[in-house]
1. Could you count how many residues in segment 99-121 are part of a helix (DSSP H, G or I) and within 24 Å of D159 (Cα to Cα)?
2. In segment 133-184, what residues are of a type in the set (G, A, S) and either in a loop (DSSP other than H, G, I, E, B) or within 20 Å of H80 (Cα to Cα) (or both)?
3. Taking the condition surrounded by fewer than 17 Cβ atoms within 10 Å (Cβ to Cβ) and either at pLDDT 95 or above or in contact with a helix residue (DSSP H, G or I) (Cβ under 8 Å, 6 or more places away or on another chain) (or both), does K141 pass?
4. Being out of contact with any Asp or Glu (no Cβ under 9 Å at 6 or more places or on another chain) and more than 13 Å from F109 (Cβ to Cβ) is the filter here, so list the residues in segment 29-49 that pass it.
5. Out of the residues in segment 62-80 that are in contact with a Lys or Arg (Cβ under 9 Å, 6 or more places away or on another chain) and in contact (Cβ under 8 Å) with a residue 12 or more places away in the chain, state the one that is farthest from R116 (Cα to Cα).
6. Of all residues in segment 46-61, which are out of contact with any helix residue (DSSP H, G or I) (no Cβ under 7 Å at 6 or more places or on another chain) and either assigned to a strand (DSSP E or B) or among the aliphatic types (A, V, I, L, M) (or both)?
7. Are any of the residues in segment 10-26 crowded, with 18+ Cβ neighbours inside 10 Å, at pLDDT 95 or above, touching a strand residue (DSSP E or B) at 6+ places or on another chain (Cβ under 9 Å) and among the aliphatic types (A, V, I, L, M)?
Amino acid sequence: MCDVIRILNFNTIPSRLDMISNNSNISILTENLILTSATCVIPQVVENLDVSCIVCAAPELPYSPLSNDLNYYKVDVRDHPGADISIHFDEVADLIDQEIAIGGRILVFCVAGVSRSATLCIAYLMKYHQLTLLEAFDHVKKIRPKIHPNCGFFQQLMDYEKSLFDASSVKMVYNEFLRSYIPEVYDKEYAQIRIFNKKRKDRQDRQQ
C-alpha cells in the first residue's frame, strides 16, 4: 500500500492558490491538478489558479471565454453508464503528465465535477502515481466529497486498474435497494439512504 500523501505537498503551493482553495467547489488534488465544475471555469479563477491547460469533459457545454494562451482539450463523453470513457483514460492522463513535466497546472472539469472529470482524474492518479483504484478514489473523495462516478465509469476504472496492475482493489456488490450492482465503496451511502427511507416510512405509518 503506497502512501497517498506523498503525491501532495501543500507547502509548495502558492499562497493565492491556498486562499482560492477555500472555495469548496475547487478541489486541489495535487499541486498541479485541480478538479472543479463548470461554474468555476471563469477567467478570474483560471488566472488566480495559474492554470495552463484545461480539460473539459462535458461536450454539451460551449467553449468558455478564456485566454488564448491556454491549452484547451475537450473530451467527448456523456455522463451515462453506457458511455465509453475508458478510451480517454490514457490520452488525458498522458496530457496531464506532459503538462506537469513542463511546469504547467491542469484544471479538469465537467458540468458538476462529480462523475466524468472525477473519473479522468482518478485514472491519472492510478497511471502516474501508481495508486490503486481504491487509494485514488479515497484521495479524491477526501478532497471533494461530492464525487460520484456513475457505475459504468467505475467498472471501466476497475478494468483499467486490472490492466495497469493486474490486481483489483474494488469490487461490484449487489445492492438490494437499487436491485443492481454498484461499487462496494458506494454501498455505505445507499445503506444510509435505506435507513433514512425506513425511518420516514415508520413515521408515516405511525401517523396513519
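The values are calculated or read from the model by the stated rules, or taken from the named source; none is laboratory data. Computed from a predicted model, the values in this text were never measured in an experiment. Reconstructed Cβ throughout: ideal geometry from the backbone, glycine too, with neighbour counts over all protein chains shown.
1. 6
2. Of everything in segment 133-184, those that are of a type in the set (G, A, S) and either in a loop (DSSP other than H, G, I, E, B) or within 20 Å of H80 (Cα to Cα) (or both) turn out to be G152, A167, S168, S169, S180.
3. yes
4. Of everything in segment 29-49, those that are out of contact with any Asp or Glu (no Cβ under 9 Å at 6 or more places or on another chain) and more than 13 Å from F109 (Cβ to Cβ) turn out to be T30, E31, P43, Q44, E47, N48.
5. That would be V75.
6. Within segment 46-61, V46, V51, I54, C56 qualify.
7. Yes, segment 10-26 has at least one match.
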